[in-house]
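Read through the structure below, which is laid out as structure tokens, and then see the notes.
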Amino acid sequence: MAGLYFHIPFCKRVCAYCDFFKEVGTARLQPLAEAMLRELEARRDYLGGEAVQTRYFGGGTPSLCPPEILGRLLDHAARIFDCSHVAETTLEANPDDLSPHYLDALRRIGIDRLSIGIQSFDDNCLRLMNRRHNAAEAAEAVRNARRAGFGNITVDLIFGVPGFGRETLRRSLEKALELDVQHISAYHLTIEPGTAFGRRMERGAFAPVDESVSEEEYALVHETLCNAGFEHYEVSNFARPGFRARHNAAYWHGVRYLGIGPAAHSFDGRERHWNVASVGDYIDGRPAESETLTACDRFNEYVMTRLRTAEGIDLDEVAARFGSQQAARVVRHAEGWIRAGGLRREGSRLAVPPRRMLVSDAVIEELFETQDDTQPSETEMLSYS
Ligand code: SF4
């Protein structure tokens, strides 16, 4: 089973924290769509005959795209790949694009999951982030989506915003729960160079929240959502039972995926490909670049993605895929973290406790394979399980 991703890189305006690849305005939407159709043709063999299970429109702001264009991309993909087993088709959307008319059209072309970029239900916080919508519009967008028949809605929220503490965050979480969404992604704000926040930080007019605030707010997100019946299944992701994001999970599980559009990434099980991050060069047909993953890359990617999930890593799987020496090395490096409570071992599984996932990077780095790793002794090789 494989995933199909479409990148729509247009936005109406730039949010203060955003360093994603995008351009302002939709003037080049039509030529971009034509180029994406050509790319689908050119990469018809990429998925090796595997059926597509999930489709995802990300951006940018895919909800700036007329449904006719989105539908053409889906239809064309269905002529090239086996899409008869598709289980999830997601569109990222900004709340102010989700009119009842637009939502009805999305349902007709086969979109069955909406990822709505709300970020906060606090108007001042939204203004600081330079978002296009206000809190009332965000709530109305979710209600409109439900009325249109969407039964699988996820909303994005951002926490760790300087100047907005636990109470603002609590109100946003409660509002999302009141709107009865099935999934919530909660991301910690990162202040990236080249963004409006980054420039303010360079001038000394803005600073990230303290680590203790980050951890407190993360704990608040975890407790509020888990108490409401959500599963905390990945560092930033919470779902009602049965509503985990399938497309994203495919990335974490090393499934093949094809990314169409500028700056889109693809993975064929062995090599990673990425398209040029330029709308003009993409339309002109600049080919994707690629790298072949070494065994070490594949192992480190496995550790990084799996330790961000509640399931964690499976030592039996590590032994089967990467060898029993690797599994023994993991056990050796994990011991200190298990004693310190940063890792939990249950049977063959090693996982970061969900409440501590926000600070899991140090654990992940500890388990990475590096050039200096020494070989374990024969006893250790035999004793990983
Ligand atoms: S809408 Fe999304 S992609 Fe566009 S600027 Fe805002 S955060 Fe970035």
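The values are calculated or read from the model by the stated rules, or taken from the named source; none is laboratory data. Model, not experiment: these values are computed from the prediction. Neighbour counts run over all protein chains shown; Cβ positions are idealised from the backbone, glycine included. Quick note on the areas: whole protein, heavy atoms, side chains included, nothing else; ligands and nucleic acids left out. Shrake-Rupley method; radii C 1.70, N 1.55, O 1.52, S 1.80 Å.
Charged neighbours of TYR282, selected by a Cβ distance under 12 Å, balance to -2 (K, R count +1; D, E count -1).
Basic side chains Lys and Arg get +1 at the Cβ, acidic Asp and Glu get -1 at the Cβ, and with that the dipole of the chain about its Cα centre reaches some 980 debye.
Across the options SER63, GLY341, LEU103, the greatest Cα extent toward the positive end of the charge dipole of the chain (unit charges at beta carbon of Lys, Arg, Asp, Glu) belongs to LEU103. For ALA2, the shell of other residues with beta-carbons less than 11 Å away shows a net charge of -1, using +1 for Lys and Arg and -1 for Asp and Glu. The peptide list 74-83, 23-32, 5-14, put in order of mean Cβ contacts within 10 Å with the highest first, becomes 5-14, 74-83, 23-32.
Only one residue of HIS222, ASN300, ALA288 has its Cα farthest out toward the positive end of the dipole of the range 181-307, where Lys and Arg carry +1 and Asp and Glu -1 on Cβ, and that residue is ALA288.
Dipole check for the range 187-247: with +1 at the C-beta of Lys and Arg, -1 at the C-beta of Asp and Glu, and the Cα centre as origin, the magnitude is about 400 Debye.
Comparing mean-square fluctuations of ALA319, ALA135, ALA310 from a GNM of the chain with C-alpha springs under 10 Å, the top value falls on ALA319.
Against the empirical 2.2 N^0.38 Å scaling, what ratio does the C-alpha Rg of the range 1-92 come to?
Values: Rg = 13.7 Å, N = 92, 2.2 N^0.38 = 12.3 Å.
Normalised Rg, Cα atoms only: 1.12.
Projected onto their three principal axes, the Cα atoms of the range 85-201 cover extents of 45, 30, 25 Å, largest first. Here the alpha carbons of the range 194-250 define both size measures, Rg and Dmax, at 16.0, 46 Å.
Listed as lacking a disulfide-compatible partner in the chain: CYS11, CYS65, CYS83, CYS125, CYS226, CYS296, by the criterion of no other cysteine Cβ under 4.7 Å.
Estimated purely from DSSP H runs of n ≥ 4, each contributing -39500 (n - 2.57), the mean residue ellipticity at 222 nm for the chain is -12000 deg cm²/dmol once divided by its residues.
Given the chain, what percent of its DSSP beta bridges are antiparallel, to the nearest 5? Please list the in-between numbers first.
Details: 20 of 52 bridges.
Here the antiparallel bridges make up roughly 40 percent for the chain.
The alpha carbon centroids of the range 268-343 and the range 98-141 are separated by 33 Å.
Full extension of the chain segment joining ASP180 with CYS226 gains 15.1 nm, where the gain is 0.36 nm per residue of separation less the Cα-Cα distance.
If Lys and Arg each add +1 and Asp and Glu each add -1, what is the summed charge of the other residues whose beta carbon sits under 14 Å from the beta carbon of GLY269? Don't jump to the answer; show the numbers that get you there.
On the way: positive: ARG256, ARG270, ARG272, ARG298, ARG321; negative: ASP45, GLU50, ASP268, GLU271, GLU291, ASP297, GLU301.
Residues near GLY269 contribute -2 overall.
Might you tell me the accessible area per residue for the chain, computed with a 1.4 Å probe and given in Å²?
44
Over the chain, what percent of the accessible surface lies on carbon and sulfur atoms, probe 1.4 Å? The value for the chain is 47 percent carbon and sulfur by accessible area.
Do me a favour and compute the ellipsoid semi-axes for the chain from its Cα gyration tensor, root of five times each eigenvalue, largest one first, whole Å. Kindly include the intermediate steps, with their values, before the conclusion.
Values: eigenvalues 227, 156, 82 Å².
Over the Cα atoms of the chain, the ellipsoid semi-axes are 34, 28, 20 Å.
Taking amide H as placed 1.01 Å from N in the peptide plane, the amide H of ILE260 sits under 5 Å from that of TYR5, PHE6, HIS7, each at least 5 places away or on another chain. Accessible area of HIS101 (1.4 Å probe, protein heavy atoms only, ligands and nucleic acids ignored): about 140 Å².
Farthest toward the positive end of the dipole of the chain, out of PHE121, ASN237, GLY254, is the Cα of PHE121, where the dipole comes from beta carbon charges about the Cα centre. Under a model in which nothing but the beta-carbon of Lys, Arg (+1) and Asp, Glu (-1) is charged, the range 70-131 shows a dipole of about 160 debye around its Cα centre.
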